[in-house]
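Step one of this worksheet: look at the structure below.
Every number here is computed from the coordinates shown, using simple stated rules; none is lab data. Quick caveat: nothing in here was measured; it's all calculated off a predicted structure. So basically every Cβ, Gly included, is an ideal-geometry build from the backbone, and we count neighbours across all protein chains shown.
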Amino acid sequence: MNGWTEPFYYFIVGAALLLTVTGLWFSVIMPCIDPWSRRFFIIYFSILLLCSVTSLIDMIVYRYPNMETAMEVLAFSESLSLSLPIPMLTMYLVHCRGKSVWGSRFFRLVLALWSVFFILLGSTPFTKYVYYVTPDRQFQRGPWFPLLILPLIVILFLNLAAAVRLRRTLSRKYYFGFLIAMLPLTVTLSVHAFTDAIELVDISTVLSAISMLGLILSDQTEEQLRQQREIARQQQEIAQQRASVMVLQMRPHFIYNTLVSIYSLCNRDPQKARQVTMDFTNYLRKNFNAVASDSTIPFSAELEHIRAYLAVEQAQYEDMLVVDYDTPFTHFRLPPLTLQPLVENAVKHGMDPYAGPLRISIRTRCTDSGSEIVVADNGRGFDSADHSESGIALKNIQQRLKTMCSGELTILPREGGGTVVKMTIPGQNRSDLPTSPDP
């Protein structure tokens with residue numbers, strides 16, 4: 001190197017070093033890249049960083065006499081580190097197809113070709129047929145030098161053919177990312193096989209890697225945004241389902257009967273009329289607040305809702321409705337408007353004025369796996385597969401339980417008549433669970 005070529009080569013290697021560090025930094029800090037791709041690009045840019053540093057050291061060593069051996073070692077290291085990213089592109093391409101990298105015949109073929117390159121490169125200290133360094137520190141090509149580069153060029157062409165063949169299964173950005181990564185490198189390696197262009201190979205490799213990383217990051221960012229939009233859509237559906245449940249629970253005949261009961265009690269028992277009015281107001285408030293809630297609520301809040309509802313019903317049915325509470329365990333959370341509709345279903349489907357009082361029991365207990373709530377009645381029972389309003393409400397409850405707290409709902413006939421509804425919520429059996437204000 002002399003004259004203007006030396007500053008130019010320093011500029012090329014310096015630019016490659018800067019771009020490599022930039023790519024490595026982005027590979028480490030970007031939050032949207034998947035773990036496999038992150039590991040791949042960290043290794044990929046680490047190898048390119050080693051290659052750029054080796055090129056820089058080689059150019060510095062060139063300025064000192066009696067460094068022939070050091071230059072041979074540096075030339076070997078630079079050629080080896082520059083070749084490693086080429087089969088790594090094959091590895092990423094196979095990974096994008098969703099197949100096992102080490103089980104791929106295509107990848108094994110590429111490894112075989114790269115092994116030929118490695119064998120030829122390993123022969124350079126013992127022969128001058130590939131390349132050698134003269135005593136005056138000049139790099140000289142031997143007659144076999146094109147054969148050294150040929151396996152790498154063949155690998156790149158195989159990768160290009162595979163990318164083109166898979167263009168329909170790869171996303172558009174992944175496809176162009178592979179093309180941008182391989183085309184410049186293929187051209188510069190082909191030129192380097194016949195004339196010295198190692199610095200161009202270095203910079204084209206780094207630029208290709210940066211371009212590929214940028215496109216893949218863009219594609220994965222779009223995928224992450226799509227997933228976030230899907231989550232937002234699901235949350236909106238949950239909110240709509242809560243509203244649907246509330247509408248289903250606000251049955252017109254229940255409101256009408258309650259108001260009629262309050263009206264009839266005003267003259268007969270004003271004190272009880274005031275109490276029923278307060279219970280009914282509390283019931284309505286709980287219903288509206290539950291719709292506004294976008295997260296789980298304490299079981300104690302849902303229990304208050306149930307008590308308010310049943311107090312209104314007991315004012316109408318009096319001795320025909322008997323409720324037994326056995327709820328010593330309340331330290332868990334559940335979606336709003338889940339248990340109250342089940343109790344209302346028990347009243348709606350279980351009440352029979354000719355069969356004696358309807359008895360409803362509400363029990364909770366702590367299990368090894370979480371929390372369990374059981375609502376049992378001795379009524380006529382109801383069909384859980386019903387497609388009426390009650391059936392829709394039950395399906396909404398099941399879906400919200402599963403989505404919001406991985407819970408399950410089972411409905412079984414009760415021995416001796418009636419229905420048993422069991423709700424299980426995993427992993428919530430401590431009193432120190434995170435809380436939010438009661439609705």
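Measure off 7 Å from each Cα along the Cα-to-Cβ vector at Val164 and Glu237, then give the distance between these two points in nanometres to one decimal.
4.2 nm
In debye to the nearest 20, how big a dipole does the chain give about its Cα centre with +1 on each Lys and Arg Cβ and -1 on each Asp and Glu Cβ?
Numbers: 38 positive and 37 negative charges, 161 e Å.
Dipole about the Cα centre, nearest 20: 780 debye.
Neighbour counts of other C-beta atoms within 10 Å: give me His349, His95 arranged from fewest to most. Let's see the in-between values first.
On the way: His349 19, His95 16.
Least crowded to most crowded, the residues run His95, His349.
Using 19 Å as the cut-off for backbone N distance, which residues of the stretch 322-343 belong to the label zone defined by a point 7 Å from the Cα of Arg414 along Cα→Cβ?
Label zone hits: 322-328, 339-343.
Note down the relative contact order for the stretch 5-230 as a percent, whole number, built from C-alpha pairs under 8 angstrom at least six residues apart.
23 percent
Just want the answer: with Cβ charges of +1 for Lys and Arg and -1 for Asp and Glu, which residue in Tyr309, Gly23, Ala181 is farthest toward the dipole's positive end in the chain?
Farthest towards the positive end: Ala181.
Note down the nm distance, to one decimal, between modelled labels 7 Å out along Cα→Cβ at Arg229 and at Thr134.
Result for the modelled spin labels: 6.3 nm.
Rounded to whole Å, give me the distance from the Cα center of the stretch 35-62 to that of the stretch 76-116.
17 Å
Run through all the Cα pairs of the stretch 133-196 and give the fraction in each 10 Å bin from 0, expressed as whole percent.
20, 38, 23, 13, 6, 1
In terms of the Cα gyration tensor, with a ≥ b ≥ c the square roots of its eigenvalues, is the stretch 110-168 rounded because a/c is under 1.5, prolate because a/b exceeds b/c, or oblate? Mind showing how you got there, number by number?
Details: a/c = 4.27, a/b = 2.72, b/c = 1.57.
Prolate is the answer for the stretch 110-168, as a/c is 1.5 or above and a/b outweighs b/c.
Based on the Cβ-Cβ distance from Lys272 to Ser369, what FRET efficiency comes out when R0 is 60 Å, to the nearest 0.05? List each step's numbers first, then the result.
Details: r = 43 Å, r/R0 = 0.72.
Computed FRET efficiency for Lys272 and Ser369 comes out at 0.90.
Would you list the membrane-span-like helices of the chain, meaning whole DSSP H runs whose alpha-carbon atoms span at least 20 Å along their axis and whose mean Kyte-Doolittle value is at least 1.6?
The answer, listed by residue number, is 105-122, 145-165.
With unit charges on the beta carbons (Lys and Arg positive, Asp and Glu negative) and the dipole taken about the Cα centre of the stretch 308-355, which residue among Val322, Asn345, Pro335 sits farthest to the positive side?
It is Pro335.
Which distance in Å, rounded to a whole number, links the C-alpha centroids of the stretch 393-410 and the stretch 295-372?
17 Å
Taking only C-alpha pairs under 8 Å that are 6+ residues apart, what is the relative contact order of the chain in percent? Spell out each step's value before the answer.
Numbers: 583 pairs, mean separation 47.2, N = 439.
Result for the chain is 11 percent.
In a GNM of the chain with a 10 Å cut-off on Cα contacts, which of Tyr44, Tyr175, Tyr62 has the highest mean-square fluctuation?
Maximum among the listed residues: Tyr62.
Extent of the chain along each principal axis, from alpha carbon coordinates, in Å, largest to smallest?
Over the chain, Cα extents along the principal axes are 118, 39, 36 Å.
To make sure I understand, if each residue's beta carbon is the centre and we count other beta carbons within 10 Å, what order do Asp368, Asp279 fall in, fewest to most? Please list the in-between numbers first.
Details: Asp368 5, Asp279 21.
With the fewest neighbours first, Asp368, Asp279 line up as Asp368, Asp279.
Going by the alpha-carbon gyration tensor, a ≥ b ≥ c the square roots of its eigenvalues, is the stretch 51-130 rounded (a/c under 1.5) or, if a/c is not under 1.5, prolate (a/b greater than b/c) versus oblate?
Working: a/c = 5.72, a/b = 2.10, b/c = 2.72.
It comes out oblate by the Cα gyration axes.
Computed over the Cα atoms of the stretch 5-230, what is the convex hull's projected area averaged over all directions, in nm²?
Numbers: hull surface 50.8 nm².
Hull-based average projected area comes out at 12.7 nm².
Based on the Cβ-Cβ distance of Ala355 and Glu318, what FRET efficiency does E = 1/(1 + (r/R0)^6) give at R0 = 22 Å, to the nearest 0.05?
0.90
How much length, in nm to one decimal, is gained on full extension between Ile255 and Arg39, taken as 0.36 nm per residue of separation minus their Cα-Cα distance? All intermediate terms of the calculation are to be shown ahead of the outcome.
On the way: separation 216, 0.36 × 216 = 77.76 nm, distance 6.17 nm.
Difference between extended and current length: 71.6 nm.
Return Phe26, Phe117 ranked ascending by Cβ neighbour count within 10 Å, so the fewest neighbours appear first. Kindly include the intermediate steps, with their values, before the conclusion.
Numbers: Phe26 16, Phe117 23.
Least to most surrounded, the residues fall as Phe26, Phe117.
Could you identify which residue out of Ile198, Ile373, Ile119 has the top mean-square fluctuation in a GNM of the chain using Cα springs shorter than 10 Å?
Ile119
GNM on the chain, C-alpha springs below 10 Å: top fluctuator among Ile60, Ile47, Ile149?
Looking only at Ile60, Ile47, Ile149, the biggest GNM fluctuation is shown by Ile60.
State the answer as a single residue: which of Met91, Val53, Phe40 lies farthest towards the positive end of the charge dipole of the chain, with beta carbon charges of +1 for Lys and Arg and -1 for Asp and Glu, about the Cα centre.
Met91
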